[in-house]
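Okay, structure first, notes after.
The values are calculated or read from the model by the stated rules, or taken from the named source; none is laboratory data. Keep in mind that what you see is a predicted model, and the values were worked out from it rather than measured. Because the Cβ atoms are built from the backbone with ideal geometry, glycine has one as well, and the counts that use them run over all protein chains shown. Calculation scope for accessible area: heavy atoms of the full protein, side chains included, ligands and nucleic acids excluded. Shrake-Rupley method; radii C 1.70, N 1.55, O 1.52, S 1.80 Å.
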Amino acid sequence: PDALQQAVHRSVRSSYYRDRLLATSQQYADLIRQSQERDQASLMSNEPLAALTDGQEILRRILEPLKGRVVFLDVWGTWCGPCKADLKRLTPPLHEALESLPVSFLYLCNNSSDASWRSVIAEFGLTDPNSLHYNLPTDQQAALERYLGVAHYPTYILFDPQGRRVPGSEPRPHDIEGLKKKIEGIIEGE
C-alpha cells in the first residue's frame, strides 16, 4: 500500500534495504497485476455468498457447482508458513497426479488480505481450470471453519461427488499415491 511505501521511505535509512523492500513490493504488485486477467476464472467472488452467515449454508453454496466431482479442500492462510510450503511444493505434483480424475481443488484462505491472497496464488501459480480460490470475509470464514471443525492450518478435507464430507482421517497431500487411491475408491464407490 502507498502508506506503507511512504513509511519505508521515511523510516528505512539504509538505501540498500529501502530499495530492496520497495523492489520486492513492486515485484509482488507486478505478479498480481499480470495474474489478474489470467487467473480470474479461479478467483471466486464473494458476492453470491454475501448475505450468508451459516457455515453449513456457505459450504453448500460453494460446493453446489462442483457436484459430480470429488473435491479436495485446502484451508490455508497467507500468514501460515506450513500452508505456503505445501502450496508451493505439493500443489503442482498433486494436480498433475490427479488430472485424469474428476477432482476439483477448493482453496479457502483464512484471515488474509486480498492483496496477500492474490500474491501467494500468483507467486506459486495456483490456478488452473479445476481450482477455485475463495478469500471470504472473516466472519464467514470463521463460520465455515467452525462448521468444518478446522483446528489447524493447513487443513485438508475430501468431499464425495454428492458434496458429502468423506469420513475418516484427513487426506494427506504428502502421500500423493495414497491420496490418489483414496480418491479412486471414492469414485468407484458411487
Quiz item: Among the residues of region 65-73, is any touching a residue at least 60 places away in the same chain (Cβ under 8 Å), charged (D, E, K, R) and touching a strand residue (DSSP E or B) at 6+ places or on another chain (Cβ under 7 Å)?
Solution: yes
Self-check item: Some residue of region 159-175 being in a strand (DSSP E or B) and under 24 Å from Lys67 (Cβ atoms)
Solution: yes
Exercise. Output the number of the condition that Gly168 fails; it satisfies all remaining conditions of (1) out of contact with any Leu (no Cβ under 9 Å at 6 or more places or on another chain); (2) more than 20 Å from Thr91 (Cβ to Cβ); (3) free of Cβ contacts under 8 Å to residues at least 60 places away in the same chain.
Key: (1)
Quiz prompt | Ser119 vs. criteria open to solvent by less than 60 Å² (accessible area, probe 1.4 Å), within 17 Å of Pro93 (Cβ to Cβ) and touching a residue at least 12 places away in the same chain (Cβ under 8 Å) | solution = no
Self-check item: Leading residue by the ranking (surrounded by the fewest Cβ atoms within 10 Å (Cβ to Cβ)) among those in region 141-158 that are of a type outside the set (Asp, Glu) and touching a Ser or Thr at 6+ places or on another chain (Cβ under 9 Å)
Solution: Gly149
Quiz item: With respect to Arg38, is the statement that it is among the charged types (D, E, K, R), modelled with pLDDT of 75 or more and either open to solvent by 50 Å² or more (accessible area, probe 1.4 Å) or in a loop (DSSP other than H, G, I, E, B) (or both) true?
Solution: no
Quiz item: Which pairs do you get when a residue that is within 21 Å of Asp114 (Cβ to Cβ), found in region 1-28, comes within reach of a residue that is at pLDDT below 80 and of a type in the set (A, V, I, L, M), reach meaning Cβ atoms under 9 angstrom, with the pair 6+ apart or on two chains?
Solution: Ser25/Leu4
Quiz item: Looking at (1) within 30 Å of Gln26 (Cα to Cα); (2) in contact with a Ser or Thr (Cβ under 9 Å, 6 or more places away or on another chain); (3) of a type outside the set (Val, Ile, Thr), can you tell me which one Pro173 breaks?
Solution: (1)
Practice problem: Output the qualifying pairs, or none if there are none: Cβ atoms under 9 angstrom, residues six or more apart or on different chains, first residue in region 128-140 and more than 19 Å from Pro92 (Cα to Cα) and open to solvent by 50 Å² or more (accessible area, probe 1.4 Å), second residue of a type in the set (Gly, Ala, Ser) and outside any strand (DSSP E or B). | Solution: Pro137/Ala50
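Sort out which residues of region 102-116 are open to solvent by 30 Å² or more (accessible area, probe 1.4 Å) and closer than 15 Å to Leu66 by Cα, and write them in order of number.
The answer is Pro102, and nothing else.
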